[in-house]
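The values are calculated or read from the model by the stated rules, or taken from the named source; none is laboratory data. None of these values were measured; they are calculated from a predicted model. With ideal geometry, Cβ positions are generated from the backbone for all residues, glycine too; neighbour counts draw on all protein chains shown.
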Amino acid sequence: MVTPVPSRSAATRALILDVAAAEFSTHGYRRSSVDSVSRRAGVSRATLYQYWRSKEQLFRALVEHLHEQHLSAMQAVLDDPPGGPVENLAAILQARFGRFVALTSTSGNADELYDVHDRVCGDIALAAEQRGRDLIAQLLRRAIDDGQLDLSAAEVGVDQAAALLIDCAHAAKGPNPAAATPAEFAVRIAQLMRLVVNGLRPGPDRPTKKS
């Protein structure tokens, strides 16, 4: 199978977004500039403006790009799960949050970036969150159908369970999300999934509630 070659326009766009990620991480939102991004990317300001007309538009495009990356990574886990329920849920949550944790852990401007993300990109984040919940719900349904998990005793539905897992993953960043490191987050997610999944495994003595 021949791998399609990205168009020059798509390659330029991807390059600018990669440079923008480094720019915002290094300097924060307020001290970053479109001029600096264009210089670092080796393109003219006019070329950059062909894609985005302002720093805010560029930041939104970067956030959307990062969310699309994590959703693709989550889909890859769903398509090729690495193991049992613990490993699969840990992997899909790591795919959801790992990239963001890695970016913020290496930035001295994480608090500001979180704030700008929430104010400027709330609609993008909300849409991505829903799509991510749907992917986790699919993974849970598969585990239930395979007899690996049982939600009946917990008295929660699949969609609610998926939402709760995302809430727990947010909490796994620790008391200061901006300071969380990828290694710490990975350990907490693995521990959290062992705790949750072992409480959801079906067993002969486990009480169930018929709906």
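Odds and ends about this structure:
- Index of the failed condition, Arg40 passing every other in (1) within 20 Å of Gly122 (Cβ to Cβ); (2) surrounded by 14 or more Cβ atoms within 10 Å (Cβ to Cβ); (3) of a type in the set (D, E, K, R); (4) more than 18 Å from the chain's Cα centre (by Cα): (1)
- Looking only at the range 49-62, and only at residues there that are part of a helix (DSSP H, G or I) and aromatic (Phe, Trp, Tyr), the one that is modelled with the highest pLDDT: Phe59
- Single unsatisfied condition, Pro81 versus (1) modelled with pLDDT under 95; (2) not in a helix (DSSP H, G or I): (1)
- Flag for Ala46 being surrounded by fewer than 17 Cβ atoms within 10 Å (Cβ to Cβ) and modelled with pLDDT under 95: yes
- Here Asp115 does not fit the description of being more than 30 Å from Ser32 (Cα to Cα) and out of contact with any helix residue (DSSP H, G or I) (no Cβ under 6 Å at 6 or more places or on another chain).
For every residue, the table says whether it meets (1) at pLDDT 95 or above; (2) closer than 24 Å to Arg13 by Cα; (3) small (Gly, Ala, Ser); (4) crowded, with 17+ Cβ neighbours inside 10 Å.
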| residue | (1), (2), (3), (4) |
| --- | --- |
| Met74 | yes, yes, no, yes |
| Ala95 | yes, yes, yes, yes |
| Ala102 | no, yes, yes, no |
| Thr106 | no, yes, no, no |
| Cys121 | yes, yes, no, yes |
| Leu151 | no, no, no, yes |
| Ala169 | no, no, yes, yes |
| Gly174 | no, no, yes, no |
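- Where a residue in the range 140-152 is farther than 14 Å from Gly199 by Cα and its partner, wherever it lies, is at pLDDT 95 or above and among the basic types (Lys, Arg), with Cβ under 7 Å and at least six apart: none
- One residue from Glu64, Glu68, Glu129 being more than 19 Å from Ala21 (Cβ to Cβ) and surrounded by fewer than 19 Cβ atoms within 10 Å (Cβ to Cβ): Glu129
- Note on the range 156-198: among residues that are in a loop (DSSP other than H, G, I, E, B) and closer than 19 Å to Val86 by Cβ, the one that is farthest from the chain's Cα centre (by Cα) is Val156.
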